[in-house]
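Reading through the C-alpha cells given below for one structure.
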Amino acid sequence: MILCAGEALIDMIPNAHGAYVPHVGGAVLNTAVALGRLGEPVGLVTGLSSDLFGGMIADHLTASHVSTDHAVRSNRNTTLAFVHLDQGNATYTFYDDETATRNIQPVDIASVPAGTEAMFFGGISLCNPPAADSLLDLALSQPEDRLVMADPNIRPGFVSDHDGYRARLTKLIERADIVKLSDDDIGWLVSDGDLDAKTQAVLNMGPKLLLLTEGGDGATAHLSNGTRVRVAAEKATVVDTVGAGDTFNAGCLAALRRAGALSPSDVAVLDEVTLTDMLTLSARAAAITVSRAGANPPWQTELD
C-alpha cells in the first residue's frame with residue numbers, strides 16, 4: 001500500500017454564475033484519490049471532521065477506493081479553501097484555524113503498517129503547526145528502505161512562520177527519495193541561480209530523484225546521478241488547473257509501482273525508459289484533470 005499523509009479539505013470553486021460550489025479537495029487527498037482511481041492500493045493519513053463536509057470527504061475517498069483506516073477523526077471543522085480562477089489558473093484563500101487536519105498531534109497518528117511500500121507528504125499540511133510538525137516527525141521516522149515522496153506545493157501566503165517553514169521543508173527534502181517541485185516552487189525554495197543551478201541545489205539536499213514541472217512546458221526528471229529525461233505536456237483544453245500537480249504525483253507513484261521500482265534503491269538507478277514511461281503516464285493523467293472543473297482525476301479506464 002501507498003500511504004498519503006496530509007490535508008483533506010473542501011475547495012469552494014466559483015461556477016459560471018460566480019456562486020461558490022463545494023468540491024472535495026486538498027493536494028494530498030487529490031493524490032490519494034488519483035492513486036485509487038488508477039487502481040493502486042492507497043490510504044490517507046488526514047484529519048476527518050464529523051461535520052457535513054467531513055462526511056462528503058469520507059464518501060469521496062471511499063468511492064475512489066482510498067482507505068480511511070488511518071484518518072484522525074474529530075468534531076473540529078473542515079478546512080475550507082476558496083478558489084480564485086484567472087484564465088483557468090487557481091489561487092487560494094484558506095480558512096484553516098483549529099480545523100480537523102490542522103490540529104493533528106503526533107499521538108493521533110496510528111503506526112504505519114509494516115506492508116506499506118511508500119509514503120507521500122505535501123500540501124498546506126506542511127505549512128503550519130501542529131499538523132506540520134506531526135507530519136514531519138512521521139516522515140523522518142520512516143525506515144531507510146521505505147520510499148518517501150514529497151511535494152511541498154508551496155503556498156507562501158498561507159505560511160505563518162517562513163523561517164520555520166523553510167527549516168521544515170529542508171528536513172523533509174533531505175529525507176525524501178523523490179521530490180516534486182513546480183517551477184514556482186523551486187524559485188521560492190532556491191533564490192539564486194538559473195533553473196539548472198536551482199535543480200542541482202535541491203538534488204544536493206539529498207533526494208535521489210527530482211521531478212520538475214513547468215505547466216504547459218512539460219516536466220523533467222532529474223536523477224542525482226546526472227540522468228535527465230524530459231517529456232512534453234499533453235495537449236488539453238484547460239478548464240482549470242486544480243489538482244493537476246497532485247494527479248501528476250499519483251501517476252509517478254503508480255508508474256514506479258507497476259515497474260517494480262517503488263523502493264529507494266530502485267529509484268536511484270532508474271533508466272531512461274522507465275523515467276519516460278513514468279512522466280508520460282503522469283502527464284496524460286494530469287491532462288485529463290485540467291480538462292474538467294475541480295480536482296477530478298481520471299480513472300484507469302479513461303487512460304486505457
Sole residue being surrounded by 23 or more Cβ atoms within 10 Å (Cβ to Cβ), out of contact with any strand residue (DSSP E or B) (no Cβ under 8 Å at 6 or more places or on another chain) and free of Cβ contacts under 8 Å to residues at least 40 places away in the same chain, chosen from Ala132, Ala114, Ala167:
Ala132
Please enumerate the residues belonging to region 180-193 that are in contact (Cβ under 8 Å) with a residue 24 or more places away in the chain and open to solvent by less than 30 Å² (accessible area, probe 1.4 Å).
Lys180, Leu181, Ser182, Asp185, Ile186, Leu189
Those residues of region 270-295 that are among the aliphatic types (A, V, I, L, M) and without any contact (Cβ under 8 Å) to a residue 60 or more places away in the chain come to a total of 7
Filter region 1-48 for residues that are at pLDDT 95 or above and charged (D, E, K, R); which is surrounded by the most Cβ atoms within 10 Å (Cβ to Cβ)?
Glu7
Against the definition (acidic (Asp, Glu), more than 20 Å from the chain's Cα centre (by Cα) and either over 30 Å from Pro22 (Cβ atoms) or buried (at least 19 other Cβ atoms within 10 Å of the Cβ) (or both)), how does Asp196 come out, yes or no?
yes
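Yes/no matrix, rows are residues, columns are (1) under 19 Å from the mean Cα position of the chain (by Cα); (2) surrounded by fewer than 18 Cβ atoms within 10 Å (Cβ to Cβ):
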| site | (1), (2) |
| --- | --- |
| Ala58 | yes, no |
| Asp69 | no, yes |
| Ala81 | yes, no |
| Gln87 | no, yes |
| Thr93 | yes, yes |
| Asp108 | no, yes |
| Ala118 | yes, no |
| Gly122 | yes, no |
| Ala139 | yes, no |
Those residues that are hydrophobic (A, V, I, L, M, F, W, C), over 30 Å from Asp145 (Cα atoms) and modelled with pLDDT of 95 or more, I need them from region 81-128; list them, please.
Ala100
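Rundown of residues vs (1) touching a helix residue (DSSP H, G or I) at 6+ places or on another chain (Cβ under 6 Å); (2) part of a helix (DSSP H, G or I), yes/no style:
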residue: Ile13; (1), (2): no, no
residue: Gly18; (1), (2): no, no
residue: Asn30; (1), (2): yes, yes
residue: Leu48; (1), (2): yes, no
residue: Phe53; (1), (2): no, yes
residue: Leu85; (1), (2): no, no
residue: Thr93; (1), (2): no, no
residue: Val107; (1), (2): no, yes
residue: Ala110; (1), (2): no, no
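Conditions tested, residue by residue: (1) in contact with a Ser or Thr (Cβ under 8 Å, 6 or more places away or on another chain); (2) modelled with pLDDT under 95; (3) under 16 Å from Asp177 (Cα atoms).
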site	(1), (2), (3)
Asn204	no, no, yes
Val238	yes, yes, no
Ala255	yes, no, yes
Leu275	yes, no, yes
Taking the condition open to solvent by 20 Å² or more (accessible area, probe 1.4 Å), aliphatic (A, V, I, L, M) and in contact (Cβ under 8 Å) with a residue 60 or more places away in the chain, does Val267 pass?
no
With respect to Val238, determine if the residue is out of contact with any strand residue (DSSP E or B) (no Cβ under 8 Å at 6 or more places or on another chain) and either hydrophobic (A, V, I, L, M, F, W, C) or open to solvent by 60 Å² or more (accessible area, probe 1.4 Å) (or both).
yes
Residue selected from region 141-180 under the condition in a strand (DSSP E or B) and among the aliphatic types (A, V, I, L, M), by the criterion nearest to the chain's Cα centre (by Cα):
Ala150
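The values are calculated or read from the model by the stated rules, or taken from the named source; none is laboratory data. Bear in mind that the values here come from a model prediction, so they are computed numbers and not experimental data. Positions of Cβ are generated from backbone atoms using ideal geometry, with glycine treated the same way; all protein chains shown enter the neighbour counts. Calculation scope for accessible area: heavy atoms of the full protein, side chains included, ligands and nucleic acids excluded. Shrake-Rupley method; radii C 1.70, N 1.55, O 1.52, S 1.80 Å.
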